[in-house]
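Heads up: the structure comes next, in structure tokens.
The values are calculated or read from the model by the stated rules, or taken from the named source; none is laboratory data. None of the values given here were measured: they were computed from a predicted structure. Methodologically, a virtual Cβ is constructed for each residue, glycine included, from the backbone with ideal geometry; neighbour enumeration extends over all protein chains shown.
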Amino acid sequence: MEAISGSAFTALLRQADVSQAGFARLSGVSPRQVNKWCRDRAAVPRWATMLAIALQELSVETLTILYDELTTARSKAS
């Protein structure tokens with residue numbers, strides 16, 4: 001998978017109904033960094049593209065629940 005353009009990344013976020021600030025909160029990067037990706041000031045990392053694609057199919061709430069379940073299961077296994 002090649003890096004996508006900022007406009008393509010912006011379109012993915014729009015299709016997922018996620019704001020730049022929301023994506024930043026979800027992914028743990030700064031809103032400024034997400035804005036740089038959207039304006040082609042920095043390359044969009046592969047993981048960010050993959051997360052934006054996943055958000056088209058799964059809501060932020062669903063991803064949060066899945067994450068919480070995974071971390072709970074891992075802590076019980078330790």
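Of the residues in the stretch 66-78, none is within 12 Å of the chain's Cα centre (by Cα) and of a type in the set (A, V, I, L, M, F, W, C). Ala11 meets all of the listed conditions (1) touching a helix residue (DSSP H, G or I) at 6+ places or on another chain (Cβ under 7 Å); (2) modelled with pLDDT of 95 or more; (3) in a helix (DSSP H, G or I); (4) not basic (Lys, Arg) but one, namely (1).
Among the residues making up the stretch 20-36, those that are under 22 Å from Tyr67 (Cβ atoms) and surrounded by 13 or more Cβ atoms within 10 Å (Cβ to Cβ) are Gln20, Gly22, Phe23, Ala24, Arg25, Leu26, Ser27, Val29, Pro31, Gln33, Val34.
Scan the stretch 18-74 residue by residue and report those that are of a type in the set (Gly, Ala, Ser), part of a helix (DSSP H, G or I) and touching a residue at least 12 places away in the same chain (Cβ under 8 Å). Passing the criteria: Ala21, Gly22, Ser27, Ala48, Ala52.
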